[in-house]
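Here is the structure we will look at.
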Amino acid sequence: MAIVACSTPPGRSGLAVVRLSGKNSYKIIKTFIPNKTLKKKHLFPSLVELIDEKGKVFDQSVVTQYLSPNSYTGEDVVEISCHGNPIIVSKIIDLCLAAGASIAEPGEFTKRAYMNGKMDLSEAESVSSIIHAKSLAGVRSGIKNLKGSLSGSVYEIKKTIIGFIANLEFNLDISEDDLQPNLINNTLAEVKQQIHTLDTCIKNFKESQFFQEGASVVLAGPPNAGKSTLFNLLINKKHSIVTPEEGTTRDVVEKSLFIKQLPITLKDTAGIRGSQSEAERQGILKSKEEVLDADLVIMFDKKPKSSPTNHIYVFNKSDIAKTTDNYDIHISAKKNKKIQDLKNMIYKNLVGVFTPGEILLTSKRQLAAICGASKHLKRAYGLLKENNSLELVVEDLNLCISALDKITTKTTRDDILDSVFSSFCVGK
């Protein structure tokens with residue numbers, strides 16, 4: 001059955017796109033373009049008039065067809081580029097429904113693309129990451145995965161592990177002689193390399209997610225320490241109220257900004273102190289909650305002997321005071337001194353030297369699959385190192401493959417057999 005939905009955001013705009021997908025898409029669109037010869041031709045745009053049930057024109061639109069299998073979903077797809085009036089969009093969808101289409105469920109176009117073999121799961125997930133990414137770096141990561149970067153990298157890892165399995169099974173089941181010389185040592189070295197690859201991917205997940213979803217940075221500390229002044233300076237706007245009076249900020253104030261393309265939600269919080277005011281006490285309670293949930297805390301206080309790794313201790317007002325206490329950085333928010341150094345410190349604390357690599361995970365589901373694969377690969381490595389049963393080693397390698405199959409297409413027994421016999425000469 002054909003499905004229909006508006007593919008552009010709701011509301012008024014210059015243009016909107018209504019998308020149909022399914023084998024009856026051409027017939028459905030023809031029901032409200034009766035006076036126009038619409039050729040069923042791939043990538044053939046036509047300027048047409050759309051006509052309602054009474055035969056009256058209600059819009060002039062461009063209709064483009066994408067014929068199966070050369071479309072996003074792998075089915076016949078029709079896209080109607082109409083004027084972006086919600087009334088027009090609603091009318092087009094109503095006419096499609098009357099002609100036999102059904103409303104598309106969330107993500108159904110991409111689901112059909114996956115079911116029809118147009119993309120694997122990781123590529124399908126990248127569509128969502130592109131749409132929801134909060135930074136250009138996050139969008140680029142999604143585009144790379146949509147073009148098969150993650151899938152290709154995982155396929156290469158799987159191909160290598162399949163080679164391990166094939167080699168070990170060949171020695172177990174086919175070779176009549178003893179194990180090949182250096183089989184165990186060579187396999188150990190190669191397995192170790194793949195473990196490193198997977199673990200690097202896991203390690204980078206949190207940092208890569210910051211580029212996708214953004215990081216939470218909280219300004220915290222005692223009252224009148226300059227938190228709101230720094231907040232206004234970082235967002236380049238007088239947003240938080242700044243007065244000499246303690247307890248001015250009583251609720252959490254937040255704004256978005258970028259530091260080196262890293263999206264950050266910056267939060268200014270109430271000064272933490274003992275207070276008789278119920279309103280201020282509630283604000284302080286919120287401050288403490290924000291500190292616990294933050295990815296990074298800019299603490300306007302001296303550094304204790306044992307400090308959390310996600311805290312940067314700032315001494316503000318360095319233009320008018322000095323201190324011998326321990327701080328990570330001395331700044332002056334009022335005089336804009338050492339603020340760039342603080343930004344660099346924030347960036348480094350959140351993402352370090354991370355740069356999006358070839359294997360970039362964009363979902364927790366992908367992370368779970370890679371973690372599972374790493375676990376079984378490490379177990380296989382341990383068994384090999386202990387000269388344990390090769391059958392058990394092969395079993396863990398197969399489980400590693402199964403975990404990676406959750407990201408790409410499923411590995412079959414034929415893949416293992418192909419690897420076994422690919423090294424044979426043609427005459428054999």
Matching residues in region 362-395 (surrounded by fewer than 20 Cβ atoms within 10 Å (Cβ to Cβ), without any contact (Cβ under 8 Å) to a residue 40 or more places away in the chain and in a helix (DSSP H, G or I)) number 9
Hey, can you tell me all the residues within region 137-149 that are in contact (Cβ under 8 Å) with a residue 40 or more places away in the chain and under 12 Å from the mean Cα position of the chain (by Cα)?
A137, G138, R140, S141, G142, K144, N145
Restricted to region 204-263 and to residues being of a type in the set (F, W, Y) and more than 23 Å from K317 (Cβ to Cβ), the residue modelled with the lowest pLDDT is F211
Within region 1-20, how many residues turn out to be basic (K, R) and crowded, with 17+ Cβ neighbours inside 10 Å?
1
How about region 331-346: which of its residues are assigned to a helix (DSSP H, G or I) and basic (K, R)?
K343
Would you mind stating whether T110 is assigned by TED's automatic domain parsing to the domain that holds S389 and either at pLDDT below 85 or surrounded by 15 or more Cβ atoms within 10 Å (Cβ to Cβ) (or both)?
no
Test: residue in region 176-189 that is in contact (Cβ under 8 Å) with a residue 12 or more places away in the chain, under 25 Å from I401 (Cβ atoms), crowded, with 19+ Cβ neighbours inside 10 Å and over 17 Å from the mean Cα position of the chain (by Cα)
yes
Looking at region 49-72, which of its residues are under 30 Å from K118 (Cα atoms) and β-branched (V, I, T)?
V62, V63, T64
Any residue in region 281-300 that's hydrophobic (A, V, I, L, M, F, W, C): show its pairings with residues that are modelled with pLDDT of 85 or more and part of a helix (DSSP H, G or I) at Cβ separation under 7 Å, as long as the two are six or more apart or on different chains.
L296/I346; L296/N349; L296/L350; V297/V291; F300/K227
Can you pull out the residues in region 189-226 that are at negative phi, small (G, A, S) and touching a strand residue (DSSP E or B) at 6+ places or on another chain (Cβ under 9 Å)?
A215, S216, A220, A225
Here's a check for you: in region 95-128, which residue that is under 23 Å from the mean Cα position of the chain (by Cα) and among the aliphatic types (A, V, I, L, M) is nearest to N70 (Cα to Cα)?
A113
Quick one: which of T324, T309 is within 30 Å of S129 (Cα to Cα), among the polar types (S, T, N, Q), in a loop (DSSP other than H, G, I, E, B) and at pLDDT below 90?
T309
Unique residue being closer than 25 Å to V127 by Cα and out of contact with any Lys or Arg (no Cβ under 8 Å at 6 or more places or on another chain) when the list is S25, S61
S25
For region 52-109, the count of residues that are aromatic (F, W, Y) and over 20 Å from I33 (Cα atoms) equals 2
Scanning region 303-334 for residues that are touching a strand residue (DSSP E or B) at 6+ places or on another chain (Cβ under 8 Å) and among the basic types (K, R), which turns out surrounded by the most Cβ atoms within 10 Å (Cβ to Cβ)?
K317
Note: among L67, L38, just one is at pLDDT below 90 and either surrounded by 12 or more Cβ atoms within 10 Å (Cβ to Cβ) or polar (S, T, N, Q) (or both), namely L38
Within region 41-59, can you find the residues that are touching an Asp or Glu at 6+ places or on another chain (Cβ under 7 Å) and either within 15 Å of A99 (Cβ to Cβ) or surrounded by 13 or more Cβ atoms within 10 Å (Cβ to Cβ) (or both)?
L50, F58
When the residues of region 43-59 are narrowed to those that are closer than 22 Å to L15 by Cα and part of a loop (DSSP other than H, G, I, E, B), which ends up farthest from the chain's Cα centre (by Cα)?
K56
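The values are calculated or read from the model by the stated rules, or taken from the named source; none is laboratory data. This structure is a prediction, so every number in the text was calculated from the model and none was measured. When we count neighbours, we look across all protein chains shown, and the Cβ atoms used for this are built from the backbone with ideal geometry, even at glycine.
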